[in-house]
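Here, each number is a calculation from the coordinates, and none is a lab measurement. As the structure is a computational prediction, the values presented were derived from the model and not from experiment. Quick reminder, even Gly has a Cβ in these numbers, built from the backbone with ideal geometry, and neighbours come from all protein chains shown.
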Amino acid sequence: MIGGDYHLHTELLLEKESINSLYNYLNKSLKHINFFSTGRDAIFSLVHSLGIKRIWLPHFLCKTIYDPVFATGTKILFFEQENDLSISQESLNKIEEGDTVYIINYFGIIRQSEYEKLKMKNVKIISDICHSLINTDEVKYVFNRSHFVVMSLRKMGPFPDGAFVGSNNINVPSPKDSIREDFSFQRAGAMLSRFYSKVCNYISDENFKILTKMEDMLSDTKEYGYKMTFSSKQMMKRFDIKRAYLMTKNNFTYLNNNIIRKSTVKIYNEQFLSQFFVLLFNQKNDRDFIRNRLANYQIFCPIHWNMSWLTKDEGISSKLLSLHCDYRYSEYDMKFLSDSINLSMEKI
């Protein structure tokens, strides 16, 4: 199976701390950093601590970003985006000195020109690096051009919970001294179940249902600011980010070299590295057809993102297909994935 949530594995539970750990990398790269239970906790705590009057969010975003910002009571404005998801010039003109702007490095794409334009506006920049942190060299530009960076660690690794707020310039908020007990421990159990399912080649929805239940629990929360669990932080100290980067890069490159190009689809993030290799289709029907075909091969592709909560116009989200290419997968897996894509493409 390719896709779906991460599973726990033995090196995170039994091995010694890694010199190339994600924990060490973050603490060396950022002068100020604090760890939270979830991305929602990190975002809420940061925006609340800033005491700002208004914040600009991108029109294309996950609701899990909007909800904690809304909970702070801060006035939310949405900036319009070009086809490449950069800030439109019209919206850029409306952003005023002293505003705060939330930037997402979609699928690893880092637009340096966008950061330079915002710097000229003298605004605070919060960068969401969920899709770009794996590119450990390029993301340093974002560290140095942002006032703050935020990220949900669950989006890139096998952690039951975890997120952070970091900065190279300003002190960051601290979490409250309590954890999300039910959420983190039930997720850990489900992730362990996923591990045994993988090694035993057992296909079942039992762990998927628990993980879905935990996400629903998180979506219903009205309280934010919880800290990361001790166990997840220990896993961070054993997660080799250098190894994960090299494996992801190899997988990304394999797909880039082996997926056949067609006039009806293009590679969206071809020049940038992410844990997702993203295809952009001309038509939603073609995207849906390929996504359903891949599911028949036990290849599951997430939707980035369901925008029905905000707008009737699905826009680019209805045409994107995100393919998992992270460190979990081998070249054999990527061959199976690219062969399945190419075979399915012949049908459209």
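Please compute the net charge surrounding residue 96, taking Lys and Arg as +1 and Asp and Glu as -1 over other residues with Cβ under 11 Å from its Cβ. Spell out each step's value before the answer.
On the way: positive: 53, 54, 94, 121; negative: 97, 99.
Once positives and negatives cancel, what remains is +2.
If you build a Gaussian network model of the chain, linking Cα atoms that sit under 10 Å apart, which residue out of 285, 256, 105 swings the most?
Greatest mean-square fluctuation among the candidates belongs to 285.
Kindly list the residues of segment 333-348 that lie in the label zone of residue 264, defined by a backbone N under 15 Å from the point 7 Å along the Cα-to-C-beta vector.
Correct set: 341-348.
Where the centroid of each part is defined by its Cα atoms, how far is segment 134-151 from segment 1-55 in Å?
Their Cα centres are 13 Å away from one another.
Identify, among 299, 104, 282, the residue whose Cα sits farthest towards the positive end of the charge dipole of the chain, taking +1 on the Cβ of Lys and Arg and -1 on the Cβ of Asp and Glu, with the dipole about the Cα centre.
Positive-end residue among those listed: 104.
Based on the Cα coordinates of segment 11-74, what is the per residue volume of their convex hull in Å³? Each step should come with its number before you reach the end.
Numbers: hull volume 8.6 nm³, N = 64.
Measuring per residue, one finds 134 Å³ for the Cα hull of segment 11-74.
Within 10 Å, Cβ to Cβ, of residue 122, how many net charges do the neighbouring residues add up to if Lys/Arg are +1 and Asp/Glu are -1? Don't jump to the answer; show the numbers that get you there.
Numbers: positive: 119, 121, 124; negative: 96, 97, 99.
Here the charged neighbours net out to 0.
Sort segment 241-345 into rounded, prolate or oblate with this rule: let a ≥ b ≥ c be the square roots of the eigenvalues of the Cα gyration tensor; rounded if a/c is under 1.5, and if a/c is not under 1.5, prolate when a/b is larger than b/c, oblate otherwise.
Numbers: a/c = 1.81, a/b = 1.43, b/c = 1.27.
Since a/c reaches 1.5 and a/b is larger than b/c, the shape of segment 241-345 is classed as prolate.
7 Å from Cα along Cα→Cβ at both residue 332 and residue 283: what's the point-to-point distance in nm?
Taking the simple label geometry, residue 332 and residue 283 are separated by 3.7 nm.
Quick check: the distance between the Cα centres of segment 278-299 and segment 241-267, to the nearest angstrom?
With segment 278-299 and segment 241-267 each reduced to a Cα centre, they are spaced 17 Å.
When the helices in the chain are scored as -39500 (n - 2.57) per DSSP H run of 4 or longer and the sum is shared across all residues, what 222 nm value do you end up with, to the nearest 500 deg cm²/dmol?
Mean residue ellipticity at 222 nm (helix-derived): -12500 deg cm²/dmol.
Using a/c under 1.5 as the rounded threshold, could you call segment 128-230 rounded, prolate or oblate? The axes a ≥ b ≥ c are square roots of the C-alpha gyration tensor eigenvalues, and prolate needs a/b larger than b/c, oblate otherwise. Numbers along the way, then the final one.
Values: a/c = 2.82, a/b = 1.55, b/c = 1.82.
Verdict is oblate for segment 128-230.
When the distances between all Cα atoms of the chain are binned every 20 Å from zero, what whole-number percent does each bin get?
The distribution over the chain is 30, 62, 9, given as percents.
Among 181, 346, 80, what is the fewest-to-most ranking by other Cβ atoms within 10 Å? Could the numbers behind the result be given before it?
Values: 181 11, 346 8, 80 14.
Going from sparsest to densest Cβ surroundings: 346, 181, 80.
Using the number of other C-beta atoms within 10 angstrom as an exposure proxy, rank 204, 322, 263 with the fewest first. Before the final figure, lay out the partial values.
On the way: 204 10, 322 21, 263 6.
Final ranking by Cβ density, sparse to dense: 263, 204, 322.
Between residue 138 and residue 82, what length in nm is gained on full extension when 0.36 nm per residue of separation is reduced by their alpha carbon distance?
Working: separation 56, 0.36 × 56 = 20.16 nm, distance 2.28 nm.
Gain in length upon complete extension: 17.9 nm.
Please give the residues of segment 252-296, grouped as numeric ranges, whose backbone N is less than 20 Å from a label point set 7 Å along the Cα-to-Cβ vector of residue 318.
Only 264-266, 268, 279-293 fall inside the zone, counting backbone N under 20 Å.
Rank the residues 65, 267 as a footprinting-exposure proxy: fewest other Cβ atoms within 10 Å of their Cβ go first. Present the calculation step by step, with values, prior to reporting the outcome.
Details: 65 21, 267 14.
Fewest to most other Cβ atoms nearby, the residues stand as 267, 65.
Roughly speaking, what is the stretch gain from residue 215 to residue 339, that is 0.36 nm per residue apart minus the C-alpha to C-alpha distance, in nm to one decimal?
Numbers: separation 124, 0.36 × 124 = 44.64 nm, distance 3.22 nm.
That pair, residue 215 and residue 339, stretches by 41.4 nm at full extension.
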